[in-house]
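Colleague: Below are the structure tokens for one structure; questions will follow.
The values are calculated or read from the model by the stated rules, or taken from the named source; none is laboratory data. Keep in mind that what you see is a predicted model, and the values were worked out from it rather than measured. Cβ atoms come from the backbone with ideal geometry, glycine included; neighbour counts cover every protein chain shown. To get the accessible areas, we keep the full protein, side chains included, count just its heavy atoms, and leave off ligands, DNA and RNA. Shrake-Rupley method; radii C 1.70, N 1.55, O 1.52, S 1.80 Å.
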Amino acid sequence: MHSSLRDCRSARFLFGLLCSLFVLLGTFNNLPAARAAAYKTGHGNPAGLYRIDPDHSSVVFAVGHAGVGTVIGRFDTIRGHYRLDPGHVDVKIDILSKSIDTNHAKRDKDLRGPDFLDSRTFPHIRFVATTYKKTGRMSGVLTGKLTIRGKTRTVSLHVREVGAADVSALPKPWGGYLTGYDAEGVIHRKDFGITTYPAMIGDTVHLYIDVEGVRVQK
């Protein structure tokens, strides 16, 4: 009986996956043949100042729940700019705290409230870089000041350059000379005055940030 149940669930999952694939293929069916070529990572020069493209950037976090699981969330509104040229670092990321989204409306309302982010009083979460130290040809450690709930702490992010290329084929506001970076790091919520439910919610918060930007200045 258990085997039959697993088989039934597997069949439903496979059917749903195939349906999603057909929808995805239909979405891209009208693209020119040249755009359907094999995917390649751009290896151009990433130098310059870039405006963050909010439609292709995200801030995701993960935190322990009840000692048995992990809750994943994200912030839906991110803006800012970045420059990671040798000897010239200029990174500012601005996140709307009320844009938090954990796929649960009541929980999100609580997280926006005074016990957690207090979005009404502190509408912005900001990161401003101070230094960038290369650790490899396409990697480094970005250190800066992170401000949450009016409290500022120094944090370090491990950064990986994804690619750089002229992607003028994309329409505005997305097209142009683009670069992208992935970053990850760890913060502790108590450092920012968020200590609600310590027995149910972990103190360690893992951050995963990916940004794509359009070059606005060489």
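Colleague: Looking at (1) part of a strand (DSSP E or B); (2) touching a helix residue (DSSP H, G or I) at 6+ places or on another chain (Cβ under 8 Å), find the lone condition where Ile93 falls short.
Modeller: The one condition Ile93 does not meet is (2).
Colleague: Restricted to segment 59-105, and to residues that are in contact with a Gly (Cβ under 9 Å, 6 or more places away or on another chain) and of a type in the set (Lys, Arg), which residue is least open to solvent (accessible area, probe 1.4 Å)?
Modeller: Looking at residues that are in contact with a Gly (Cβ under 9 Å, 6 or more places away or on another chain) and of a type in the set (Lys, Arg), I get Arg83.
Colleague: Give the residue, chosen from Leu178, Leu117, Leu170, Leu111, that is closer than 17 Å to Gly80 by Cα, of a type outside the set (Ser, Thr, Tyr) and in contact with a strand residue (DSSP E or B) (Cβ under 9 Å, 6 or more places away or on another chain).
Modeller: Numbers: Leu117 fails: closer than 17 Å to Gly80 by Cα; Leu170 fails: closer than 17 Å to Gly80 by Cα; Leu111 fails: closer than 17 Å to Gly80 by Cα.
None of the other options fit; the residue is Leu178.
Colleague: Within segment 119-135, which residues are β-branched (Val, Ile, Thr) and either within 30 Å of His43 (Cβ to Cβ) or open to solvent by 50 Å² or more (accessible area, probe 1.4 Å) (or both)?
Modeller: Hits for segment 119-135 are Thr121, Val128, Thr130, Thr131, Thr135.
Colleague: Another one. Filter segment 173-218 for residues that are part of a loop (DSSP other than H, G, I, E, B), in contact (Cβ under 8 Å) with a residue 24 or more places away in the chain and either touching a helix residue (DSSP H, G or I) at 6+ places or on another chain (Cβ under 7 Å) or not small (Gly, Ala, Ser) (or both) and give the result.
Modeller: Pro173, Trp174, Ile194, Thr196, Met200, Lys218
Colleague: Do you know which residues across segment 63-90 are touching a residue at least 60 places away in the same chain (Cβ under 8 Å) and in contact with a helix residue (DSSP H, G or I) (Cβ under 6 Å, 6 or more places away or on another chain)?
Modeller: The answer is Ile78, and nothing else.
Colleague: Kindly indicate whether any position in segment 149-172 is open to solvent by less than 20 Å² (accessible area, probe 1.4 Å), farther than 16 Å from Asp210 by Cβ and not β-branched (Val, Ile, Thr).
Modeller: no
Colleague: Residues that are in contact (Cβ under 8 Å) with a residue 12 or more places away in the chain, within 19 Å of Ile93 (Cβ to Cβ), in contact with a His (Cβ under 7 Å, 6 or more places away or on another chain) and open to solvent by 70 Å² or more (accessible area, probe 1.4 Å): does segment 136-144 have at least one?
Modeller: No, because not a single residue in segment 136-144 is in contact (Cβ under 8 Å) with a residue 12 or more places away in the chain, within 19 Å of Ile93 (Cβ to Cβ), in contact with a His (Cβ under 7 Å, 6 or more places away or on another chain) and open to solvent by 70 Å² or more (accessible area, probe 1.4 Å).
Colleague: In addition: Under 7 Å between Cβ atoms, which residue pairs at least 6 apart in sequence (or on different chains) link something in segment 93-111 that is at pLDDT 95 or above with a partner that is among the small types (Gly, Ala, Ser)?
Modeller: Ile93/Gly80; Asp94/Gly80; Ser97/Ser119; Lys98/Ser119; Ile100/Gly73; Asp101/Gly73; Thr102/Gly73
Colleague: Now for a separate question. Of all residues in segment 173-192, which are open to solvent by 30 Å² or more (accessible area, probe 1.4 Å) and farther than 22 Å from Val89 by Cα?
Modeller: Restricting attention to segment 173-192, the residues satisfying the condition of being open to solvent by 30 Å² or more (accessible area, probe 1.4 Å) are 173-174, 177, 182, 184, 186, 188, 190-191.
Of everything in segment 173-192, those that are open to solvent by 30 Å² or more (accessible area, probe 1.4 Å) and farther than 22 Å from Val89 by Cα turn out to be Pro173, Trp174, His188, Lys190, Asp191.
Colleague: From the list Met138, Met200, which one is under 18 Å from Pro86 (Cα atoms) and either acidic (Asp, Glu) or over 18 Å from the mean Cα position of the chain (by Cα) (or both)? Explain how you work it out, then say what you get.
Modeller: Working: Met200 fails: under 18 Å from Pro86 (Cα atoms).
After ruling out the rest, the residue left standing is Met138.
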